[in-house]
Every structure is written in structure tokens, then in C-alpha cells.
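The values are calculated or read from the model by the stated rules, or taken from the named source; none is laboratory data. Please read these numbers as outputs of a predicted model, since none were measured by experiment. Quick reminder, even Gly has a Cβ in these numbers, built from the backbone with ideal geometry, and neighbours come from all protein chains shown.
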Amino acid sequence: MTKSTLVGGSSLISISVGDYSTALVSLLAAIVFALVNFYSFRLRSYTGKHKNQILSLFGGVTAAYVFLDLLPSLQISNEYLKQLGSSNQVIILYEDAIFLVIFLGFLLFFSLESIAVKSREDKIKENQELNKVKASRKVYLVHFSALAFLTFVLSFTLMFEYQASILSGLLFTFAVSLHLFITDNTLMENYEDRLLRTGRYIATIIPLAGWLASVVFPEKIAEAYILLAFISGAILYQSIKDEIPSVYKKRSLALFLAGAILYALLLLGYSLSSHYLLSFLREL
């Protein structure tokens, strides 16, 4: 999410769309998320022996998105969070409160993943491999619900990305689509049977529900930053756990670096072009 997304809904780039066009384009992006969730298990089977290499490439893109786009967006959040506190008079938002929200998102998904692995370990029989054991139904429901909520929030922010600019929205859609593929891969490893039976159908509906909620209940800037902070913590954990290549998973360092560098160049190019275009327009 670029910094221009949440600051008054205006873009540094003059490519913008009206309300109806924004709703339509963001709906198409939500449909892309839905298709990723529905077909990710097929993509996982098609990739076969190259799965780890593909996950490394996707992980590099997502890591670049987290550190160069998502987290920097929170630098200017405090002034808007204070507005939420003064209008609500329910919570007092301190200067570093946004980082607490990031930490809570990180902690929640770390805990869920740990519980899922522990559940699988408890079910292991003698001489049985961990990757052939799936977690319990209760753990599945909690873990799946949390990831579904994350997908809902990501889809909820689509409208605001495309209000900033089409390019900003496309970059966001691309990075999140790759992240959803990796998240679905995690679910398949822990709950394959349940995910194929019902989970993927529910996961297909979630992005459309998130988009619809963003149309029916327009988001305030301060509320957007709280959601953004929670997303940051969750995706940051996924980046560390699933998307950064590790030796035991036989991930490809070269592909991870390629994905990270290429997407970083895209983000930096977008940021620089926005800056120079704004400077040019001010001189006119």
C-alpha cells in the first residue's frame, strides 16, 4: 500500500478513476484474489518439483512489498490515529500504538501456526512423517478463520488502493495475489483434506465479501491505518516463516533475491516517478 493511498485518497500520479470505475476495477482485483484461492491447489500440483523455487520467487516479491511499501506507509499514521481517538473517546492512541497493532498481528499468526504444527505432531504415529499428518478440526477452524479475516481485510483495502491510482492498485494486487498463493500453500500442508472439501469454496467468497464491505461501509483514514498495521504484522510473519528461503525447505536463494530485487525496483520506480511528476506539476 503506497503512502499516497490513505492520505486523502489523492494520488501523486494523475492516473485516477471515478467512484464507479474504481469500484469496478477493484472488483476485478477481488475476483483475481478469489480465483487464486480457488485454483491455488491446482497451481500447487502443477508446479510439482519446482514448487520450492516458485515459492522463493513469490516470497521475494512479498518481502519487498512488506519492507518497501507496507511498513513505510505507517510512518505518517500517528496524526490520523489521534483523530480517531479524539472522535471516539474510547481508546487513547499513543505515539507508538500502531507498532503494538503490528506486533499483535505478528503474534496472532505466529501462535496459530505453532498450534497447527503442535496439533500435527501430537497425531504422529511411530515411524510416520510429519508432512503426512494433518492438524485437528478445531485448530483448522481457528487458523482458517484468522487467514480468512486477513484476506477479507486485504480485499477491503482494494478500493482505497485504486483510488490512489491504477498503478498503485495493480502493484498491490500483484503482491497480495502471490501472498495468497503462499498462504494457501500453508493451509494445504496442514489441512489439505478439509481445505479441498469446503475451505477453498469459502476462501473464494471472502475476497468478494471484503470488496462489498468496502463499498457499503466506506473506511476512514484512521481506521484504515489500524487495519494496515494488523495486515503488516500478519504478512511480516508469513514473510519470515514461509516466504524467506530456508535450507531445510530447499528454497532457491537466487530466485528469492530475483523476486525481491525486481519488485523493489518496481516500487522505487513508482515512487520516483510520482515524486518527479509532482515536482513538474508544481512548476507549471
Exercise. Residues Ser77, Ser119: which one is at pLDDT below 80, within 20 Å of the chain's Cα centre (by Cα) and surrounded by 19 or more Cβ atoms within 10 Å (Cβ to Cβ)?
Worked result: Ser77
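To keep it simple, each residue is scored yes or no on (1) in a helix (DSSP H, G or I); (2) modelled with pLDDT of 80 or more; (3) on the phi < 0 side of the Ramachandran plot; (4) crowded, with 20+ Cβ neighbours inside 10 Å.
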{"position": "Tyr20", "(1), (2), (3), (4)": "yes, yes, yes, no"}
{"position": "Arg42", "(1), (2), (3), (4)": "yes, no, yes, no"}
{"position": "Lys51", "(1), (2), (3), (4)": "yes, no, yes, no"}
{"position": "Ala63", "(1), (2), (3), (4)": "yes, yes, yes, yes"}
For this session: Evaluate the following for Tyr140: is it in contact with a Lys or Arg (Cβ under 8 Å, 6 or more places away or on another chain) and not hydrophobic (A, V, I, L, M, F, W, C)?
Result: yes
For this session: Keeping to the range 175-225, report how many residues are over 14 Å from Phe152 (Cβ atoms), in contact (Cβ under 8 Å) with a residue 60 or more places away in the chain and not in a helix (DSSP H, G or I).
Result: 1
For this session: Take the range 136-166 and flag every residue that is assigned to a helix (DSSP H, G or I) and of a type in the set (S, T, N, Q).
Result: Ser145, Thr151, Ser155, Gln163
